[in-house]
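No value in this document is a laboratory result; all are computed from the given coordinates. Keep in mind that this is a model prediction, so the values were computed, not measured. Note that we place each Cβ from the backbone using ideal geometry, even for glycine, and neighbour counts take in every protein chain shown.
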Amino acid sequence: MTVPVKRAVALLCAPLLAVGLASCTTAVSTAGFKGEDHEVAQTISNLQADVTAGDQQKICANDLSSALVARLNLAPGGCKQAIKGQLAEVDNFTVTVQSVLVSAAGARRTASAHVKSVYAGKTRPGTLSLVKEAGKWKISGVG
């Protein structure tokens, strides 16, 4: 794998997990969201559960967009190995979905979720991008 591809994989994986998609003790709360906003928050909660379980297969198959999985598949061992390497770096995170913004109806539905995570005692804001694929919301990137 070339250096730019390794760098791209690191840039894609590390922020996904560092934004707070893993938690050893706290689940993502979806109670304050309704409709599609709830579906987006639930996607983040599902990802967090799969990360906590260390289930790279579910993360790649169920939680990440096909475009993101394709980029991660450029790494040696593909998406599962890239995620496994990042999971080894995860400490104890707590995540709060602060707000969700779903795009207007259209051919390609997108959403962004503003999240706050706590890592090593520090609060870190972040934004997750999501896309609706085959009727399900999936994580497409970190902003």
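Could you give the length gained by full extension between His38 and Ser103, i.e. 0.36 nm per residue of separation minus their alpha carbon distance, to one decimal place?
Length gained between His38 and Ser103: 22.0 nm.
At 0.36 nm per residue, and after removing the present C-alpha to C-alpha distance, how many nm does the segment from Glu133 to Lys84 gain when stretched out fully?
15.3 nm
From a point 7 Å beyond the Cα of Thr96 in the direction of its Cβ, which residues of region 120-143 have a backbone N at a distance under 19 Å?
120-128
What distance in nm lies between label points placed 7 Å from Cα along the C-beta direction at Ser66 and His114?
3.2
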